[in-house]
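S.K.: Take this structure first; my questions come after.
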Amino acid sequence: MSWDWQVFCEDTIERQVVQGCFGKGGDITYLDWMLSAWGWTVSVSVLALVLALIVGSFIGTLRTLQGRPVIVRLGNAWVELFRNIPLLVQIFLWYHVVPTLIPVMQGVPGFVLVVLALGFFTSARIAEQVRSGIQALPRGQRYAGLAMGFTTFQTYRYVLLPMAFRIIIPPLTSETMNIFKNSSVAFAVSVAELTMFAMQAQEETSRGIEMYLAVTACYIVSAFAINRIMAFIEKRARVPGLIVAGGSGGH
Amino acid sequence: MDMNLDFSFYNWDLISNFVLKGLYFSLMLTVVATIGGVIFGTVLALMRLSGKKWLEVPATIYVNGMRSIPLVMVILWFFLLVPATFYGIFGSIGRDYRAEMSAVITFIAFEAAYFSEIMRAGIQSIPRGQVFAGQALGMTYGQNMKLVILPQAFRNMLPVLLTQTIILFQDTSLVYAIGAYDMLKGFEVAGKNYGRPIEAYLAAAVIYFVMCYALSWAVKRLHQKIAIIR
C-alpha cells in the first residue's frame, strides 16, 4: 500500500484537492478539520484541568483537616466515588442522565458536560495527590504555623499548601498528560475532538493510517509540550536551597 | 419530561440476556490482559534493565510511545491494522467476534507498557546486594532473575499491580469505540431495548462502582497484610 498525504488537502465535501491545503470561503479541508479538532481537545483538557485543580485542591485539603472526621469522610467519599466509576460511564452519566434528572442542566451544551465529567473525574485523582503532598510534610510545619498564632486557614495558606504544591508537581505533570489522553473519551458523546475526527475522517476517506498517524502525532506533540511547560513551572517554583523532592509520577 | 425512574424492568432474564454476556467479556478481557500484560511487561522491563543498547532502545520507545497515546487511539489503531486474515485463523469465531478479539490483542499490548513500568520499579527496589549474592553463589543471569530477584520484586509490587488491574477493568469500557460487547454495552443495549437508557446508565455506574470499590478495598487490606509481615 502507498501513502497519500494529499488527502489532508482535500475538501471535506467535494473531496477535491485544494490549493494551499487550507479551505477558502467557508469550505474546510481535512487539515482544517483536524486543527480545529486539536483545538477542541486542548479546550476540553485545559478547562477540565482548571476545574480539576480547583475542586481537587479543595477536596484534598479538606481530607487533611485535623479533628474534623466528618469532613474528612466526605472528602474520602468524593474521591472513592469518582475514582471507582469508569470515565466513559461518568461521561454518559453527565451527558444522558444529569440533564434528565436536573432540569436546569438541559440547555447545557455537550462540550460543557464533558468538561464537567472530565474535571470531576480528575479532581478525585488530584485530591489524592494534594492529600499525600500535605501529609508528606513534617508534622512540625503545621504545629509551627499554629504556634505562630495562625488560624487553620492561614496555616494552610501560608505554610502547608505552598510547600505541598511544590512537592506534587511531578505527579501533577502526569495527571495533566492524563487529562489530555482522557479527553479522547469525549468521542463517545460526539464532541468534535481529535479521536472523533480520526474515526469520522477514517470512515469518510478510507485513509485510516494517514489520519490516525496525524492524530497520534498531535497527541504526542501535546504530551511533549505539557511535559516541557510543567518542567518550566517546576524549575521556577523550586524553593532555593531545598533538595528537589523526588516523586515518581503515577500513571 | 419523564423524571420518574423505574427500575422495575430489571429482572433476571434481562440481566442474563444482556448484561452477563458483557460482564463475562469485561472480566475475561481484564484477566487475559493482566496475565499477558504481566508476561510481556516483564520481558520489556528486563530488556530496559539489560544494559544492552539494542534491547534497551526499542523497549523504551515502545513503552514511552504507548504511554503517550490515549488508549482509545490504540484501540482504533489495532482495529484498523490487524488484518482480517488474522481473524480468519480462528474460523467463524474470528469473523463474528472481530472487535472482541482485536480488543484482547490491544489490551495485552497496551497494558504491557504500563506493567513494564511497575515491574521495572519493582525490580529496581531490590537491594543490589541480592543481585551480587546470587552471582556470588554462581547463579546464571536467568537463575538469578527467576529464583532471587523476580519473586521478591513481584511481592513488592503486588499492590500496585492489582491497582493497575482495577484501572484496567475500568478501561475495558473503552472497547465501546469499536463496538465490542462489554458490560457497559450490555447495559446500553438493555436500556435501548426497554426504552429506559437513564436507568441503564445508572445501573451500570452502580455495578462498576461496587465492583471497583470492593476490589480496591481488598487491595488495601492486602497491602496492610504484606506491610505487617515485613
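S.K.: Tell me which residues, restricted to segment A:59-79, are touching a residue at least 24 places away in the same chain (Cβ under 8 Å) and either within 14 Å of chain B (Cβ to nearest Cβ) or in a helix (DSSP H, G or I) (or both).
M.R.: Correct list: A:ILE59, A:GLY60, A:THR61, A:GLY75, A:TRP78, A:VAL79.
Residues checked against (1) touching a strand residue (DSSP E or B) at 6+ places or on another chain (Cβ under 6 Å); (2) buried (at least 20 other Cβ atoms within 10 Å of the Cβ):
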residue: A:GLY20; (1), (2): no, no
residue: A:GLY23; (1), (2): yes, no
residue: A:ILE28; (1), (2): no, no
residue: A:LEU35; (1), (2): no, no
residue: A:VAL44; (1), (2): no, yes
residue: A:LEU49; (1), (2): no, yes
residue: A:GLY56; (1), (2): no, yes
residue: A:GLY60; (1), (2): no, yes
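S.K.: Of all residues in segment B:188-207 being buried (at least 21 other Cβ atoms within 10 Å of the Cβ) and over 13 Å from A:LEU93 (Cα atoms), which is nearest to the other protein chains (Cβ to nearest Cβ)?
M.R.: For segment B:188-207, the residue satisfying everything is B:GLY191.
S.K.: Looking at segment B:11-37 only, could you name the residues that are closer than 16 Å to B:PHE169 by Cα and among the hydrophobic types (A, V, I, L, M, F, W, C)?
M.R.: So the first thing to find is which residues in segment B:11-37 are closer than 16 Å to B:PHE169 by Cα, and the list is B:19-37.
Of everything in segment B:11-37, those that are closer than 16 Å to B:PHE169 by Cα and among the hydrophobic types (A, V, I, L, M, F, W, C) turn out to be B:VAL19, B:LEU20, B:LEU23, B:PHE25, B:LEU27, B:MET28, B:LEU29, B:VAL31, B:VAL32, B:ALA33, B:ILE35.
S.K.: Any residue that is farther than 30 Å from B:TRP77 by Cβ, of a type in the set (Lys, Arg) and touching a residue at least 24 places away in the same chain (Cβ under 8 Å) - is there at least one of those in segment B:120-129? Write out each step before concluding.
M.R.: Taking segment B:120-129 as the starting set, the residues that turn out to be farther than 30 Å from B:TRP77 by Cβ are B:124-129.
Going one step further and asking which of them are of a type in the set (Lys, Arg), we end up with B:128.
Applying the additional criterion that residues be touching a residue at least 24 places away in the same chain (Cβ under 8 Å) yields none.
The answer is no, given that none of the residues of segment B:120-129 is farther than 30 Å from B:TRP77 by Cβ, of a type in the set (Lys, Arg) and touching a residue at least 24 places away in the same chain (Cβ under 8 Å).
S.K.: If I ask for residues that are in contact with a Lys or Arg (Cβ under 6 Å, 6 or more places away or on another chain), under 25 Å from A:VAL221 (Cα atoms) and small (Gly, Ala, Ser), which ones from segment B:26-66 would you list?
M.R.: B:ALA59
S.K.: Report whether or not A:ILE134 is touching a residue at least 40 places away in the same chain (Cβ under 8 Å), of a type in the set (A, V, I, L, M, F, W, C) and within 14 Å of chain B (Cβ to nearest Cβ).
M.R.: Numbers: touching a residue at least 40 places away in the same chain (Cβ under 8 Å): yes; of a type in the set (A, V, I, L, M, F, W, C): yes; within 14 Å of chain B (Cβ to nearest Cβ): no.
The answer is no for A:ILE134.
S.K.: Within segment B:117-127, does at least one residue satisfy the condition of being within 13 Å of another protein chain (Cβ to nearest Cβ), surrounded by fewer than 17 Cβ atoms within 10 Å (Cβ to Cβ), under 15 Å from B:LEU49 (Cβ atoms) and in contact with a Leu (Cβ under 8 Å, 6 or more places away or on another chain)?
M.R.: Taking every residue of segment B:117-127 in turn, at least one turns out to be within 13 Å of another protein chain (Cβ to nearest Cβ), surrounded by fewer than 17 Cβ atoms within 10 Å (Cβ to Cβ), under 15 Å from B:LEU49 (Cβ atoms) and in contact with a Leu (Cβ under 8 Å, 6 or more places away or on another chain).
S.K.: Still on this structure: Every residue in segment B:1-10 that is surrounded by 14 or more Cβ atoms within 10 Å (Cβ to Cβ) and farther than 25 Å from B:VAL175 by Cα, please.
M.R.: First pass over segment B:1-10, keeping only residues surrounded by 14 or more Cβ atoms within 10 Å (Cβ to Cβ): B:9-10.
Scanning segment B:1-10 gives a single hit, B:PHE9.
S.K.: With a cut-off of at least 2 residues that are at pLDDT 90 or above and either surrounded by 18 or more Cβ atoms within 10 Å (Cβ to Cβ) or within 17 Å of the chain's Cα centre (by Cα) (or both), name the helices (runs of 4 or more DSSP H) lying wholly within segment B:14-112.
M.R.: Working: elements: B:20-49, B:53-68, B:71-81, B:84-88, B:91-96.
In segment B:14-112, the matching helices (runs of 4 or more DSSP H) lie at B:20-49, B:53-68, B:71-81.
S.K.: In segment A:184-193, how many residues are within 8 Å of another protein chain (Cβ to nearest Cβ) and buried (at least 24 other Cβ atoms within 10 Å of the Cβ)? Before you say what the answer is, go through the steps one by one.
M.R.: Of all residues in segment A:184-193, those within 8 Å of another protein chain (Cβ to nearest Cβ) come to A:184-185, A:187-188.
From what's left, buried (at least 24 other Cβ atoms within 10 Å of the Cβ): A:184-185, A:187.
Qualifying residue count, segment A:184-193: 3.
S.K.: Another one. Let me spell it out: the conditions are (1) part of a helix (DSSP H, G or I); (2) within 14 Å of another protein chain (Cβ to nearest Cβ); (3) within 21 Å of the chain's Cα centre (by Cα), and A:ILE126 meets all of them except one. Which number is the exception?
M.R.: Result: A:ILE126 fails condition (2) only.
S.K.: Out of segment B:46-73, which residues are more than 9 Å from chain A (Cβ to nearest Cβ), more than 18 Å from A:ASN227 (Cα to Cα) and of a type outside the set (Gly, Ala, Ser)?
M.R.: To start, the set of residues in segment B:46-73 that are more than 9 Å from chain A (Cβ to nearest Cβ) comprises B:46-64, B:66.
Narrowing further to those that are more than 18 Å from A:ASN227 (Cα to Cα): B:46-59, B:62.
The answer is B:LEU46, B:MET47, B:ARG48, B:LEU49, B:LYS52, B:LYS53, B:TRP54, B:LEU55, B:GLU56, B:VAL57, B:PRO58, B:TYR62.
S.K.: Assuming A:PHE197 fulfils every condition listed in (1) crowded, with 18+ Cβ neighbours inside 10 Å; (2) within 18 Å of A:VAL50 (Cα to Cα); (3) more than 10 Å from chain B (Cβ to nearest Cβ) apart from one, which condition is it?
M.R.: Result: A:PHE197 fails condition (2) only.
S.K.: Let me ask something additional. Residues of segment B:169-187 being at the interface with chain A (Cβ under 8 Å from one of its Cβ atoms) and of a type in the set (Phe, Trp, Tyr), which ones?
M.R.: Residue satisfying the conditions is B:TYR176 alone.
The values are calculated or read from the model by the stated rules, or taken from the named source; none is laboratory data. Note that the structure is a prediction, hence the values are computed from the model and not measured. As a convention, Cβ positions derive from the backbone with ideal geometry for all residues, glycine included, and neighbour counts pool all protein chains shown.
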